[in-house]
Amino acid sequence: MSKLHMVDLIGQYNKIQREIDEAVINVIRSSAYINGPEVKAFQRELEEYLGVKHVIPCANGTDALQVSMMALGLQPGDEVITASFTYVATAEVIALLKLTPVLVDVDPVTFNIDVDALEAAITPRTKAIVPVHLFGQCANMEKIMEVAQKHDLYVIEDTAQAIGADYTFSDGTTKKAGTIGTIGCTSFFPSKNLGCFGDGGAIFCNDDELATKIRQVANHGQSKQYVHDEVGVNSRLDSIQAAILRIKLRHLDEYNAARNQAAMYYNEQLDCEEIIVPETSSNSTHVFHQYTLRCKGVNRDELKAYLNEREIPCMIYYPIPLHHQKAYKQERFTDEDYPVTMELCNTVISLPIHTEMTKEGQDVVINGIKEFLKR
Ligand SMILES: *Cc1c(COP(=O)(O)O)cnc(C)c1O
């Protein structure tokens, strides 16, 4: 059997190689490398897939978050609430814009922002909430939107890990992750569920005026050619990446289904006293960007070392809480406020999951874990 990997981008490419190669060559031959027709076409196709009025492509997921916060006019000192257990990018852009990051602990079952702690963290300076749909499953958007409306706050969904997930409200309406809040942000980093062959990202919103503002910020603050109304940034998706994404978007649902199938097999095989398998919340589908276990009564680091010695890949997302990172450490962040984040950083372990998983490959991972537990 071939070597196991956390993700298998080559295996995925091999199946769509002819289409991809042709699309890339066509862009090269057209020389429309920046803002070409492929970018427009991808934008429209993604709008249709998501059921959202505007998709604004940009250079990466981190930029998507930054441009969104700039377009909303957030000012230094404004407080922005996000989850304490997330990838650094979310907190990074808040700090970079001199906004004040307010970190809120997460729910131990879904790994997403704890909505009670969220409401308790709101102050008169709070301007926005950035829920992160971590590992592929939506945060409790019904409650988050309720809180946001009550306190007149913007909601910027970080859906870099959950593109394609569906969220269902208690009245039965279903929306795609990233289309519920004021703005949605995603990343097309190669290993994301919809990944290109380099960097890429996009911003989603339903408001015409806001969409115009976002486009303007992402394009040097330009309102008309060579007319600059404000300080912006340069953030765009290039045409080659857009051409690749158009092809991969057609496969996204099937890719997410393959991830689900692999996750269900792990769940079935690994559910035991020492291992807590991921639980799917009743309001959100899960697109399993990561398949993340929690260890109970067994040492996570020993399990990781044991698997890695046997060439079974696994990763820790995330080993160090944000409030312990040198860049984000502050006196107002104390361990007592983040019990779940602290516990997760010490107990989670993510297994290989991707669109090309085979039962054979999964069995190697599963048997490795079972052997470890039997020692
Ligand atoms: C990947 C990721 C980002 C950043 O995306 P880039 O394209 O790498 O800039 C932001 N937030 C989360 C939750 C992510 O997983």
| Using a Gaussian network for the chain with springs between C-alpha atoms less than 10 Å apart, which of these wobbles most: Asn140, Asn26, Asn283? | Asn26
| task | Take the Cα atoms of segment 21-101, build their convex hull, and give its volume per residue in Å³. | result | 140 Å³
| said: Using each residue's phi in segment 7-13, evaluate 6.51 cos²θ - 1.76 cosθ + 1.60 at θ = phi - 60° and report the 3J(HN,Hα) Karplus result to the nearest Hz, with x for Gly and Pro. | reply: 9, 10, 6, 5, x, 5, 4
| request: Pick out which of His354, His289, His228 has the largest mean-square fluctuation in a Gaussian network model of the chain, springs linking Cα atoms closer than 10 Å. | output: His228
| message | Which log10 I(q)/I(0) values does segment 235-286 give at q = 0.23, 0.24, 0.26, 0.32 Å⁻¹ under the Debye formula, counting every alpha carbon as one identical point scatterer? | response | -0.90, -0.93, -1.00, -1.16
| task | Run through the DSSP bridge list for the chain and note the antiparallel percent, rounded to the nearest 5. | result | 65 percent
| Restricting attention to segment 1-96, which trypsin sites (Lys or Arg not before Pro) occupy a DSSP loop and are surrounded by at most 14 other Cβ atoms within 10 Å? | Lys3, Lys53
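May I ask for the percentage of alpha-carbon pairs in segment 223-264 that lie more than 14 Å from each other? List each step's numbers first, then the result.
Working: 591 of 861 pairs.
So the portion of pairs separated by more than 14 Å is 69 percent.
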| remark: Filtered hits (aspartates and glutamates, Cα-Cα < 18 Å from Lys224, offset >= 8 within chain) -> Asp208, Glu209
| task | Check the straight Cα-Cα distances from Lys192 and name the lysines below 24 Å, setting aside those fewer than 8 residues away within the same chain. | result | Lys3, Lys15, Lys40, Lys53, Lys175, Lys176, Lys248, Lys304, Lys359
| task | Provide Val102, Val364, Val93 in ascending order of the number of other Cβ atoms located within 10 Å of each residue's Cβ, fewest first. | result | Val364, Val102, Val93
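How large, in Å, is the chain by the Kirkwood hydrodynamic radius built from its alpha-carbon pairs?
Details: mean 1/r = 0.0467 Å⁻¹.
Taking every pair of different Cα atoms in the chain, averaging 1/r and inverting gives 21.4 Å.
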| field | Given 10 as the ceiling on other Cβ atoms within 10 Å, longest exposed-site-free region of the chain for GluC sites (Glu not before Pro) in DSSP loops | value | 1-272
| On average, how much area does the Cα convex hull of segment 252-374 cover when viewed from any direction, in nm²? | 9.4 nm²
| remark: Computed over the Cα atoms of segment 103-158, the Rg and Dmax in Å are 10.5, 32
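Which whole-number percent gives the relative contact order of the chain, counting Cα pairs below 8 Å spaced six or more residues apart?
Once normalised by length, the contact order is 22 percent.
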| field | Cα-based reach from Lys98 at 23 Å (exclusive), listing lysines while leaving out same-chain residues under 8 positions away | value | Lys127, Lys213, Lys326, Lys329
| field | GNM flexibility winner over the chain from Thr173, Thr334, Thr292 (Cα, springs under 10 Å) | value | Thr173
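All of the numbers you see were taken from the coordinates with simple rules; none came from a lab. Just so you know, these numbers come straight off a predicted model, no measurement behind them. Quick reminder, even Gly has a Cβ in these numbers, built from the backbone with ideal geometry, and neighbours come from all protein chains shown.
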